[in-house]
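Q: Could you have a look at this structure, given as structure tokens, before my questions?
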Amino acid sequence: MLSGMKHGALTILPLALGAAVYGFAFGFLAAQVGFPSWGVGLMSASVHAGSSQIVAVEQFATTGTVLGAVLAGAALNLRYVGMIASLSDVLVGLSWRWKILAIHVTGDENWALTMAERAKSPDIGASFLLGSGFVMISVWTASTVAGASIGAVLPDLERFGLGFAFTAAFIAMARGLWRGRPQALPWVIAAGATAATVSLGVPQAYGIVIGALVGLAACALMRRKKEAVA
């Protein structure tokens, strides 16, 4: 167990350093719209979902309503339903306490890394997920608090493109999940559905969720078609 956690913790370090950059950016931008550093730290430790936190903060800054911010963040967090479902085999054998802890520390980065490493070696399991998750949540929380602390005393640095760190990180993760042209169709369909939804005036968070659901439906149809042919 400990060796697997150590393996996960060491393997995730490059991604953790990248997360620290956009974690700092998130904390800085959150402070700019009035969030205290302790509030940012509490959000990061309890929510632990960078994209949802950023969407929630942006929604709050735009509308000034807590309910709207919560709903926007929750909508984007729906992607975790599919992510956690994909970990069912990984979490087999854990007690329910460890399962809850593993689910809490699962984020985009360590989930993607665990699934990628598991595809190479079936020995990769829950201990790898936990070790990488502990590192990610620690780095994410610390970097967001640092960003919020500095953002509270410095002028607006958004003009230097600090906010793009988050977008760049997700582009890098998407590239890591790319498996070639045979899987391109669901990606294109999901992107098209998201773009079409947002163009109709639907909030971006909901557009992303709709695009993800449409993409998953496309994957399911493709799988059924392959099974029928086989």
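The values are calculated or read from the model by the stated rules, or taken from the named source; none is laboratory data. Quick caveat: nothing in here was measured; it's all calculated off a predicted structure. Methodologically, a virtual Cβ is constructed for each residue, glycine included, from the backbone with ideal geometry; neighbour enumeration extends over all protein chains shown.
Q: Answer with yes or no whether Ser52 is under 15 Å from the mean Cα position of the chain (by Cα) and among the polar types (S, T, N, Q).
A: So Ser52 fits the description; yes.
Q: Ok, one more. So the check is Cβ under 6 Å with 6+ separation or different chains; which pairs have a first residue in segment 206-227 that's among the aromatic types (Phe, Trp, Tyr) and a second one that's part of a helix (DSSP H, G or I) and surrounded by 11 or more Cβ atoms within 10 Å (Cβ to Cβ)?
A: Every condition considered, the pairs that remain are Tyr206/Ala75.
Q: State whether one or more residues within segment 87-95 are free of Cβ contacts under 8 Å to residues at least 24 places away in the same chain, in the same structural domain as Ala19 (by TED's automatic domain parsing) and either among the charged types (D, E, K, R) or closer than 16 Å to Ala9 by Cα (or both).
A: Yes, there is a match, as at least one residue in segment 87-95 is free of Cβ contacts under 8 Å to residues at least 24 places away in the same chain, in the same structural domain as Ala19 (by TED's automatic domain parsing) and either among the charged types (D, E, K, R) or closer than 16 Å to Ala9 by Cα (or both).
Q: Can you name the residue in segment 106-127 that is buried (at least 20 other Cβ atoms within 10 Å of the Cβ) and hydrophobic (A, V, I, L, M, F, W, C) and is also modelled with the lowest pLDDT among such residues?
A: This residue is Ile124.
Q: Can you tell me how many residues within segment 144-159 are of a type in the set (Lys, Arg) and at pLDDT 65 or above?
A: So the answer is 0.
Q: Taking Trp98 as the residue in question, decide whether it is under 30 Å from Ile124 (Cα atoms) and surrounded by fewer than 18 Cβ atoms within 10 Å (Cβ to Cβ). I'd like the intermediate steps shown before the answer.
A: Working: under 30 Å from Ile124 (Cα atoms): yes; surrounded by fewer than 18 Cβ atoms within 10 Å (Cβ to Cβ): yes.
Criteria met by Trp98.
Q: Could you please give the count of residues in segment 177-230 that are more than 20 Å from the chain's Cα centre (by Cα), modelled with pLDDT of 85 or more, of a type outside the set (A, V, I, L, M) and surrounded by 13 or more Cβ atoms within 10 Å (Cβ to Cβ)?
A: Total meeting the criteria: 2.
Q: Restricting attention to segment 102-155, which residues are touching a residue at least 40 places away in the same chain (Cβ under 8 Å) and charged (D, E, K, R)?
A: Scanning segment 102-155 gives Asp108, Glu109, Glu117.
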